[in-house]
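What follows is one structure encoded as structure tokens, with my remarks underneath.
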Amino acid sequence: MARFEGIDFFNLDAHFSEEERMIRDTVREWVENAVMPIIGDAYINREFPRQLIPELGELGVLGANLPEEYGCAGLNNVSYGIIMQELERGDSGIRSFVSVQGALVMYPIFAFGSEEQKREWLPKLATGEAIGCFGLTEPDYGSNPASMITRAEKTADGWRLNGAKMWITNGSMSDVAVIWAQTGEQGDVKGIRGFVVPTDTPGFSAKDQKGKLSLLASDTSELVLEDVDLPESALMPGSTGGLKHPLMCLTQARYGIAWGAVGAAMACFDEALSYSKERVMFDEPIGGKQIQQVRLADMLTKITHGQLVTYHLGRMKDEGTMTPQQVSFAKRANCDMATDIAREARRLLGGNGILVEYHSMRHMANLESVYTYEGTHDIHSLILGQTLTGLNAF
Ligand code: TGC
Ligand code: FAD
């Protein structure tokens, strides 16, 4: 039995199927045994723990909601969400690796790729034998990818890519990159198309993003594409032009992040609650003090809200009724919630809260990235504002 019991104040457990509970317990236990003992050192050493990749493949969590036909686990979306939650209880960097591989690399190849691309890449990506990254963001175009500069020019027998992509998770360790590029003039949104680019193609290079203070156990890189010549077959034929296709990928990844943020918050709450019972100050456990009880009650309330949202969102995704705007709601609310919880947990821990032996400050620092990537909090506010008013305020 896993050591973490996990906060579940509204007994959502009873609403999960036996299979969903089994998946949760399996991933929870793996995180306890494989991630927790090494994550502090990985974080301090600023290294993604690559040795875990084959185990992630064996667990079946890479592209877990994609079909078995391509070597994936074929799970429902609630199970997929539970996996993200449990992985991010360990570290946002581990969940990021799995999110990018599944939602941003395997999903677009599955949804927009040719049969040949699917057969070539999906089984290897599912086992972790191949690693992938997703290049949408550019140095000058983050929140507004519609204006991307990276260009794909038609050649006699294919395409030539030139440009740069910034902040790319898994970038330096990838075998394959899904690259979004403009095939027309800059700003011609309908010209944006997706390419499957083997990273050993001449002209493709990746360099580590130095100086991060967040998500340290994750590979974040800049990609440079300099006259990268690709055959016609590198184009994903289903990405017929426009931002809709990359945004569909973001919806998949944002869905997982909404669950993952709850996991990070749950880990911080567990740590704060147990510390409050053990740490004695002024002759009694600090958990016996009213201020700390209010703090814990507030944390419980916010996490429970987040859990109810992801649970319901997951069931809607499985029914086929979920909208991208609901995903924006969940990503925005849960990342905001988790950053608050991590900070409050760290504060409850006092001086110990700044040590790597405890987990809340690592989560707190990580969550600043999670709050920012996949659409910043502000961008999701504007998506919701547009949904409510019909007015575009971007
Ligand atoms: P807009 O005109 O609103 O939309 C263009 C077309 O796309 C459709 N659409 C969506 N479809 C699916 N899912 C979504 N979330 C969608 N949002 C919009 C829309 O209906 C339209 O379709 P059509 O048929 O009319 O063409 O596009 P816009 O240019 O005005 O942009 C809107 C905006 C600002 C919301 C969008 O650009 C945006 O979301 N910006 C944020 C950028 C972002 O999130 N980047 C993430 C990069 S990847 C990353 O961060 C990975 S971190 C991973 C990790 O480590 O875990
Ligand atoms: P900007 O867009 O420059 O925003 C700066 C500020 O302005 C923010 O506060 C923003 O909310 C605000 N802002 C922007 N537009 C408006 C507006 N219209 N109104 C009001 N305020 C506004 N990208 C990928 O493609 N692939 C990846 O794998 C990937 N991984 C990442 C990993 C990490 C660790 C990080 C930090 C980022 C990653 N990203 C990735 C990029 C990420 O998606 C972008 O950082 C994010 O979309 C924001 O873009 P930006 O950093 O350029 O900020």
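The values are calculated or read from the model by the stated rules, or taken from the named source; none is laboratory data. Everything quoted here is computed from the prediction, not taken from an experiment. Quick reminder, even Gly has a Cβ in these numbers, built from the backbone with ideal geometry, and neighbours come from all protein chains shown. For the accessible areas, the whole protein counts, side chains as well, though only heavy atoms, and no ligand, DNA or RNA atoms are used. Shrake-Rupley method; radii C 1.70, N 1.55, O 1.52, S 1.80 Å.
List of remarks:
- Only one of Gly171, Gly102 that is over 16 Å from Val197 (Cα atoms) and in contact (Cβ under 8 Å) with a residue 12 or more places away in the chain: Gly102
- Count of residues meeting criterion [under 21 Å from Met364 (Cβ atoms), open to solvent by less than 50 Å² (accessible area, probe 1.4 Å) and in contact (Cβ under 8 Å) with a residue 24 or more places away in the chain] in the range 255-289: 20
- Among the criteria (1) more than 16 Å from ligand 2 (Cβ to nearest atom); (2) polar (S, T, N, Q); (3) within 15 Å of Ile179 (Cβ to Cβ), the one Ser276 does not fulfil is (3).
- So Pro54, is it open to solvent by 20 Å² or more (accessible area, probe 1.4 Å) and without any contact (Cβ under 8 Å) to a residue 12 or more places away in the chain: no
- Test: residue in the range 121-133 that is part of a helix (DSSP H, G or I) and open to solvent by 60 Å² or more (accessible area, probe 1.4 Å): yes
- Wholly enclosed strands (runs of 3 or more DSSP E) of the range 145-216 bearing at least 1 residues open to solvent by less than 10 Å² (accessible area, probe 1.4 Å): 151-154, 158-169, 176-182, 192-198
- The criterion of at least 2 residues that are under 26 Å from Gly135 (Cα atoms), open to solvent by 40 Å² or more (accessible area, probe 1.4 Å) and at pLDDT 95 or above is met, among helices (runs of 4 or more DSSP H) falling completely within the range 290-394, by 324-348, 360-372, 377-389.
- Residue count for the range 103-153 under the criterion of being aromatic (Phe, Trp, Tyr) and away from ligand 1 (no atom under 16 Å from the Cβ): the result is 1.
- Checking the range 231-240 against the condition returns no match, with no residue being crowded, with 24+ Cβ neighbours inside 10 Å and in contact with a Gly (Cβ under 7 Å, 6 or more places away or on another chain).
- Within the range 245-264, not a single residue is at pLDDT 95 or above and away from ligand 1 (no atom under 16 Å from the Cβ).
- Residue check, Met84 open to solvent by less than 40 Å² (accessible area, probe 1.4 Å), in contact (Cβ under 8 Å) with a residue 40 or more places away in the chain, touching a helix residue (DSSP H, G or I) at 6+ places or on another chain (Cβ under 8 Å) and under 18 Å from Phe269 (Cβ atoms): yes
- Residues (outside any loop (DSSP other than H, G, I, E, B) and away from ligand 1 (no atom under 15 Å from the Cβ)) located in the range 230-244: Leu230, Pro231, Glu232, Ser233, Ala234, Leu235
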